[in-house]
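Engineer: Pasting in a structure now, in structure tokens, and then I'll have a few things to ask.
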Amino acid sequence: MHNGKNCRLPLKFDYMERIQMDITTFMKHLHMYRAPRAFNPWREYEPGLDIGPEAPQIRYGNLQRYLELRRNAHYLFIAEGLGYQGGRFSGMAMTSERILLGHHPEVKPEEVLGDWNYRRTSNPDSPLLKGTQKTMGFNEPTATVMWGSLHRHHLGTFDAVLWNIFPFHPHKEEGLLTNRTPDGNELNVGIVYAKELLELLPNAQVVAIGQKSAGTLQKFGVPCSCVPHPSMGGANRFKAAIADLFGE
């Protein structure tokens, strides 16, 4: 169940740097985290809102499969934090349930996880879900734009990894179906996981999505390109920046 009263921060850099990083170890580190106003989708579930106690295991399996298919990815796109319409229920950054369930206009589920048992983790019977959220799962505008851009640039299939500088879902006090901007401490926590992920992706060029992500990466000495975030009316600027990044 979701309980933010206890906070477990990630291991310190000096200790972690002595650990040989692999996907299993990385997933275990993600699973450990708990903090107030931050939902860990690979560890926690909310009765009534999630389908049940199996929800975090489904999301954990999704992310592990996602990373295993992308060991040789050439691009790592890093935004700010998980959104409730995206990774909160899918377990993967900037990836919505609706994509996984086959309801994206361009992207097929197989482009995300290949041959896989695709399941939703949001509860279609929850009174907090509305309309198509009940029938088709959650849809995140950022996920739609991001995956559409990857698809058009032929990067949807396993050559790009999507991530967030704070990999968990920061939410407001009033409820789990809200988003908030990660604070400074959360960004400092998040860079630990980003650096671990970079160890798993030795061939990847880092592309920050938004200035907050870029600023945090640069603060900790991680070289990166930067494109505008597609939210808040920035979809066209984002698409143009992606096209420019790939020389189109």
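Engineer: Under 8 Å between Cβ atoms, at least 6 apart or on separate chains: pull out the pairs that start in region 82-110 with a residue that is closer than 18 Å to E54 by Cα and touching a residue at least 60 places away in the same chain (Cβ under 8 Å) and end on any residue that is buried (at least 24 other Cβ atoms within 10 Å of the Cβ) and β-branched (V, I, T).
Structural biologist: So the pair list comes out as G87/T95; M92/V112.
Engineer: To continue, here is another question. Could you check P182 against (1) free of Cβ contacts under 8 Å to residues at least 40 places away in the same chain; (2) in a loop (DSSP other than H, G, I, E, B); (3) within 15 Å of the chain's Cα centre (by Cα) and say which number it fails?
Structural biologist: Against the list (1) free of Cβ contacts under 8 Å to residues at least 40 places away in the same chain; (2) in a loop (DSSP other than H, G, I, E, B); (3) within 15 Å of the chain's Cα centre (by Cα), P182 comes up short only on (1).
Engineer: Modelled with pLDDT of 95 or more, in contact with a Lys or Arg (Cβ under 9 Å, 6 or more places away or on another chain) and among the aliphatic types (A, V, I, L, M) - does that describe any residue in region 41-51?
Structural biologist: Looking through region 41-51, at least one residue is modelled with pLDDT of 95 or more, in contact with a Lys or Arg (Cβ under 9 Å, 6 or more places away or on another chain) and among the aliphatic types (A, V, I, L, M).
Engineer: Follow-up. Take the residues of region 145-179 that are part of a helix (DSSP H, G or I) and out of contact with any Asp or Glu (no Cβ under 6 Å at 6 or more places or on another chain): which is farthest from A204 (Cα to Cα)?
Structural biologist: Going residue by residue through region 145-179, those that are part of a helix (DSSP H, G or I) are 145-152.
From the residues that got through so far, the ones that are out of contact with any Asp or Glu (no Cβ under 6 Å at 6 or more places or on another chain) too are 145-147, 149-150, 152.
Numbers: V145: 21, M146: 17, W147: 18, S149: 18, L150: 15, R152: 19 Å.
Looking at residues that are part of a helix (DSSP H, G or I) and out of contact with any Asp or Glu (no Cβ under 6 Å at 6 or more places or on another chain), I get V145.
Engineer: Looking at region 212-222, can you tell me whether even one residue there is crowded, with 17+ Cβ neighbours inside 10 Å, among the β-branched types (V, I, T), touching a residue at least 60 places away in the same chain (Cβ under 8 Å) and outside any strand (DSSP E or B)?
Structural biologist: Pass one, region 212-222, residues crowded, with 17+ Cβ neighbours inside 10 Å: 212-214, 216-217, 222.
Right, trim to among the β-branched types (V, I, T) and you get 216, 222.
Keeping just the survivors that are touching a residue at least 60 places away in the same chain (Cβ under 8 Å) gives none.
The answer is no; no qualifying residue exists.
Engineer: Quick one: in region 120-149, which of the residues that are free of Cβ contacts under 8 Å to residues at least 24 places away in the same chain and buried (at least 17 other Cβ atoms within 10 Å of the Cβ) is nearest to G48 (Cα to Cα)?
Structural biologist: Per the stated criteria, the residue is L129.
The values are calculated or read from the model by the stated rules, or taken from the named source; none is laboratory data. Remember, it's a predicted structure, so these values are computed and weren't measured experimentally. When we count neighbours, we look across all protein chains shown, and the Cβ atoms used for this are built from the backbone with ideal geometry, even at glycine.
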